[in-house]
Amino acid sequence: MRSRTLEKLLYKAAILLVIIGAFVKFIHSPDSDFGLYLILAGHVAGVAAILLYMKYENNKESQNKLHSEEANQYENN
């Protein structure tokens with residue numbers, strides 16, 4: 001199986017962006033929209049990580065199904 005370092009990196013980046021965005025928006029400069037953009041970027045990174053993980057799980061499931069079908073064909077012969 002491949003390592004999922006990209007998903008883990010995206011999750012960490014998403015959390016960091018949301019925290020920094022909240023700090024910028026509510027503490028540093030409430031009038032600026034920069035904090036909201038950082039929060040939005042964090043959410044987008046989180047969704048991208050979720051989609052990559054879903055793709056990984058779908059590929060793993062289809063691979064397991066294929067192996068199961070091959071094993072059943074082998075047992076039937």
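The values are calculated or read from the model by the stated rules, or taken from the named source; none is laboratory data. What you are looking at is a predicted structure, and each value in this text was computed from that prediction instead of being measured. Note that we place each Cβ from the backbone using ideal geometry, even for glycine, and neighbour counts take in every protein chain shown. Only protein heavy atoms, including side chains, enter the accessible area calculation; ligands, DNA and RNA are left aside. Shrake-Rupley method; radii C 1.70, N 1.55, O 1.52, S 1.80 Å.
What is the percent carbon and sulfur in the accessible area of the chain, measuring with a 1.4 Å probe over the protein chains and ignoring ligands?
That fraction is 64 percent.
Report the charge-dipole magnitude of the chain in Debye, nearest 20, computed about the Cα centre from +1 at each Lys and Arg Cβ and -1 at each Asp and Glu Cβ.
260
For the chain, what number results from the quotient of the Cα radius of gyration and 2.2 N^0.38 Å?
1.78
How many Lys pairs in the chain lie less than 28 angstrom apart by Cα atoms, where the lysines are 8 or more positions apart or on different chains?
Value for the chain: 8.
Take the chain, mark every one of the trypsin sites (Lys or Arg not before Pro) that falls in a DSSP loop and has at most 15 other Cβ within 10 Å, then report the longest stretch left between them, sites excluded.
It works out to 5-77.
Which angle from 0 to 90°, rounded to the nearest 10, does the C-alpha axis of helix 5-23 make with the longest principal axis of the chain?
Rounded to the nearest ten degrees, it is 20.
Report the relative contact order of the chain, percent, no decimals, based on alpha-carbon pairs under 8 angstrom and at least 6 residues apart.
Once normalised by length, the contact order is 31 percent.
As a check on your grasp of the helix formula, calculate [θ] at 222 nm for the chain: sum -39500 (n - 2.57) over DSSP H runs of n ≥ 4, divide by the residue count, round to the nearest 500.
Rounded to the nearest 500, it is -29000 deg cm²/dmol.
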